[in-house]
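The values are calculated or read from the model by the stated rules, or taken from the named source; none is laboratory data. Since the model is a prediction, treat every value here as computed from it, not as a measurement. When we count neighbours, we look across all protein chains shown, and the Cβ atoms used for this are built from the backbone with ideal geometry, even at glycine. Note: accessible area is taken over every heavy atom of the protein model, side chains too, but ligands, DNA and RNA are not part of it. Shrake-Rupley method; radii C 1.70, N 1.55, O 1.52, S 1.80 Å.
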Amino acid sequence: MNLEDAARGIEKVRKQKPLVHNMTNNVVTNFTANGLLALGASPVMAYAREEAADMAKIAGALVLNIGTLSRESVESMIIAGKSANEHGVPVIFDPVGAGATPFRTESAQAIMREVKVSAIRGNAAEIANTLGEDWLIKGVDAGEGSGDRMELAKKAAKLWDTAVIITGAEDVITDGTKTYTVGNGHQLLTKVTGTGCLFTSVIGAFCAVEKDVCHAAVSAAVFYGTAAELAAEKTESRGPGSFQIEFVNQLAAVEVMDIKERGRIREVE
């Protein structure tokens with residue numbers, strides 16, 4: 001996959017305006033909705049078990065995020081996920097904080113057992129603990145860890161038969177057969193709550209318009225990182241509050257040429 005291919009992803013999203021059904025956490029709902037609107041997608045947040053299945057089946061993608069989980073919310077997510085599976089809707093899962101508590105880890109693993117997930121995005125600790133491996137985690141943030149992120153991603157992708165996106169200074173994206181790294185982004189993303197969660201929903205938007213989930217995730221990562229770089233250049237001296245606002249602006253402003261000029265994709269043999 002080259003930059004020309006990656007750059008076309010945002011054109012497809014803006015043209016098709018896919019409906020992204022987000023079952024996300026209450027810390028990031030507003031930021032997620034505004035971010036998706038900015039890039040050209042159509043967000044909806046529907047959590048009640050009474051409508052979760054109906055909403056999931058008409059969406060372009062379903063995003064599940066356990067940031068502020070409860071037993072009831074996990075049950076609703078599984079209902080929505082099964083409906084999405086039945087109707088050919090891609091499911092993108094964000095196992096926020098898996099490994100921090102037994103309940104959180106068990107909930108992430110239950111979703112992976114019950115729902116066929118098209119892509120899972122998290123930091124190395126979240127992916128490892130969902131997989132059943134130990135990796136240092138503090139709260140919902142990954143510790144340094146000592147494992148090989150690329151090998152972890154490949155192992156998870158093959159076991160779950162899904163695309164895996166492990167975020168960090170350099171994102172690792174693999175479906176177990178083809179593997180890429182994306183080097184776009186900026187440190188200020190770590191200073192704003194919800195940028196990881198929004199990224200998962202952005203992946204959902206790209207998966208709604210691109211059948212190859214691995215390629216969709218690479219396109220989303222390059223686009224998202226490029227927007228962050230441009231926002232940081234305009235606001236770095238003013239701090240994370242200004243960055244957050246400008247980042248949403250750049251999600252709307254990034255053009256194909258920006259991605260072609262700035263994108264840093266590497267295919268790993």
Quiz item: Quick one: how many residues across segment 241-258 are in contact with a helix residue (DSSP H, G or I) (Cβ under 6 Å, 6 or more places away or on another chain), under 21 Å from Thr193 (Cβ atoms) and surrounded by 15 or more Cβ atoms within 10 Å (Cβ to Cβ)?
Solution: 7
Self-check item: Filter result for the condition that a residue is among the basic types (Lys, Arg) and open to solvent by less than 70 Å² (accessible area, probe 1.4 Å), over Arg266, Arg238, Arg262
Solution: Arg262
Quiz prompt | Hits in segment 192-222 - residues which are in contact (Cβ under 8 Å) with a residue 40 or more places away in the chain and not in a helix (DSSP H, G or I) | solution = Val192, Thr193, Gly194, Ala208, Val209, Glu210
Quiz item: Listed residues Thr179, Thr174, Thr200; which is under 18 Å from Phe31 (Cα atoms), open to solvent by less than 50 Å² (accessible area, probe 1.4 Å) and out of contact with any Pro (no Cβ under 8 Å at 6 or more places or on another chain)?
Solution: Thr200
Quiz item: Only one of these conditions is not met by Ala153: (1) under 22 Å from Ile10 (Cβ atoms); (2) open to solvent by less than 10 Å² (accessible area, probe 1.4 Å). Which number is it?
Solution: (1)
Self-check item: Condition met for Val182 (β-branched (Val, Ile, Thr) and modelled with pLDDT under 95)
Solution: no
Exercise. Can you tell me which residue among Gly225, Gly185 is buried (at least 23 other Cβ atoms within 10 Å of the Cβ) and assigned to a loop (DSSP other than H, G, I, E, B)?
Key: Gly185
Quiz item: Can you spot a residue in segment 55-78 that is within 22 Å of Asp212 (Cβ to Cβ), surrounded by fewer than 24 Cβ atoms within 10 Å (Cβ to Cβ), in contact (Cβ under 8 Å) with a residue 40 or more places away in the chain and touching a Phe, Trp or Tyr at 6+ places or on another chain (Cβ under 8 Å)?
Solution: no
